[in-house]
Amino acid sequence: MSLFGCAICGSSGDLFHHVCAPCVELIMAAWSGPATEDEFEAWWTLYPRKVGKDAAREKYRKARKRVSAEALVAGLRHYVASVSEKEREFIAHPATWLNQGRWQDEQVGGDYAPAVDMDELHVRTFVKGGFWATTWGPKPDDPDAPPKIRRMYEEARA
């Protein structure tokens with residue numbers, strides 16, 4: 001139980017990274033079909049080395065035919081944690097990481113990336129490309145949006 005509730009719907013049930021289980025299921029259901037441009041953009045924002053975006057987009061679409069977006073994000077979170085201390089030149093290009101199926105790499109030790117703040121990811125995606133899933137609640141520029149979302153939106157636009 002959280003003091004703050006679900007970041008998407010506000011419910012106060014068991015939370016996973018600030019999002020309740022029903023909302024996580026809705027997000028994952030939205031990401032379980034064919035890859036979309038907005039989905040790729042959300043994944044791209046998480047990747048630690050921004051090179052070869054077009055090649056990465058192509059490889060992302062190919063990878064999504066084999067696995068879910070959830071699997072790619074989970075593998076990427078582990079990868080981000082494992083390279084956090086490395087110099088940029090030793091971080092794989094995103095297309096290479098996808099082409100080699102690196103989301104399946106063995107996880108060494110207990111290294112985990114910090115929890116992704118889904119609200120922040122959603123707001124950045126909205127500011128960058130205008131995408132906002134209806135399951136995430138009111139859009140950040142909507143007067144009915146939660147104060148946290150509106151604040152993140154204003155900060156991202158500044």
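Every read-out reported here was derived from the displayed coordinates using simple, explicitly stated rules and does not represent laboratory data. Being a predicted model, the structure only gives us computed values, none of them experimental. Backbone-built Cβ (ideal geometry, glycine too); neighbour counts: all protein chains shown.
Just to confirm the filter: which trypsin sites (Lys or Arg not before Pro) across the range 33-93 are DSSP coil and have at most 12 other Cβ within 10 angstrom of their Cβ?
Numbers: sites: ARG49, LYS50, LYS53, ARG57, LYS59, ARG61, LYS62, ARG64, LYS65, ARG66, ARG77, LYS86, ARG88; in loops: ARG49, LYS50, LYS65, ARG66, LYS86.
Passing sites in the range 33-93 are LYS50, LYS65, ARG66, LYS86.
Taking a straight line from the alpha carbon of LYS148, these lysines sit under 22 Å away, with near neighbours fewer than eight places off in the same chain left out: LYS128, LYS139.
A straight Cα-to-Cα reach below 23 Å connects LYS62 with the lysines LYS50, LYS53, residues fewer than 8 places away in its own chain not being considered.
For TRP44, TRP97, TRP103, which order do you get if you count the other beta carbons within 10 Å of each Cβ and list the fewest first?
Details: TRP44 16, TRP97 24, TRP103 19.
Ascending number of Cβ neighbours within 10 Å: TRP44, TRP103, TRP97.
Label sites at ARG88 and THR45, each approximated as a point 7 angstrom past Cα along Cα to Cβ, lie 2.2 nm apart.
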